[in-house]
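Participant: Right, I'll just put the structure down here and ask away after.
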Amino acid sequence: MFPMLETDRLKLRELTQADVAAIFHCLSNEEVTRYYGQEPFIEKQQAEQLTKHFDKNYEEKRGIRWGIELKETGEVMGTIGYHLWSAPHKRAEIGYEIHPDYWRKGYTKEAIQQVINYGFEHMNLQRIGAVVYVENEASNQLLLKLGFQQEGILRDYMVQKENAYDTFIYSLLKKEQPQ
């Protein structure tokens, strides 16, 4: 059964086909995809395929992706979760995006904290990684605030619109978490 997580303001839940319009609304926005490593969606079918991809990753134990729903309105503002999950090596990479209408309100931090807790407590992770464009100041600052350590730079790691971009690689280890 897909795990549902909650915070004071958010419900992190399984994405369904009913969420396709919200996912398209988010990932068709150039502000969102600027540091996402892909071009903005141009057709709703792309959001539908992504939802199916998330389902398949979960079924095959390669990742898990939640929809981020605002409890107050029931609106899905984005997604968050793990990819590149390796259970034998007890590691995964975290990824997330939310629509700009919800930026700078603390929602991303709230969701990340809950997902980190889930990863360490229920997925038996020892390491959570993150790869972030060097230019993505907001995400870089947020990860540092949450205790992630910057390990280095991956040079020309992401290519978008035919341009190569450097990324920072971060990690958070279970043993570094406050008890």
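The values are calculated or read from the model by the stated rules, or taken from the named source; none is laboratory data. Since this is a predicted model, take the numbers as computed values, not measurements. No Cβ is skipped: glycine too gets one built from the backbone with ideal geometry, and neighbour counts run over all protein chains shown. Note: accessible area is taken over every heavy atom of the protein model, side chains too, but ligands, DNA and RNA are not part of it. Shrake-Rupley method; radii C 1.70, N 1.55, O 1.52, S 1.80 Å.
Participant: Going by the structure shown, is Arg13 within 13 Å of Ile80 (Cα to Cα) and not small (Gly, Ala, Ser)?
Facilitator: Against the criterion (within 13 Å of Ile80 (Cα to Cα) and not small (Gly, Ala, Ser)), Arg13 qualifies.
Participant: For region 5-26, give me each residue that is open to solvent by less than 80 Å² (accessible area, probe 1.4 Å), under 11 Å from Arg65 (Cα atoms) and not in a loop (DSSP other than H, G, I, E, B).
Facilitator: Residues satisfying the conditions are Leu12, Arg13.
Participant: Whether any residue in region 158-175 is charged (D, E, K, R) and surrounded by 15 or more Cβ atoms within 10 Å (Cβ to Cβ) is what I want to check.
Facilitator: Yes: region 158-175 contains one or more residues that are charged (D, E, K, R) and surrounded by 15 or more Cβ atoms within 10 Å (Cβ to Cβ).
Participant: May I pose another question? Considering Glu137, Glu93, Glu121, Glu110, which residue is among the acidic types (Asp, Glu) and in contact (Cβ under 8 Å) with a residue 60 or more places away in the chain?
Facilitator: Exactly one of Glu137, Glu93, Glu121, Glu110 is among the acidic types (Asp, Glu) and in contact (Cβ under 8 Å) with a residue 60 or more places away in the chain, namely Glu110.
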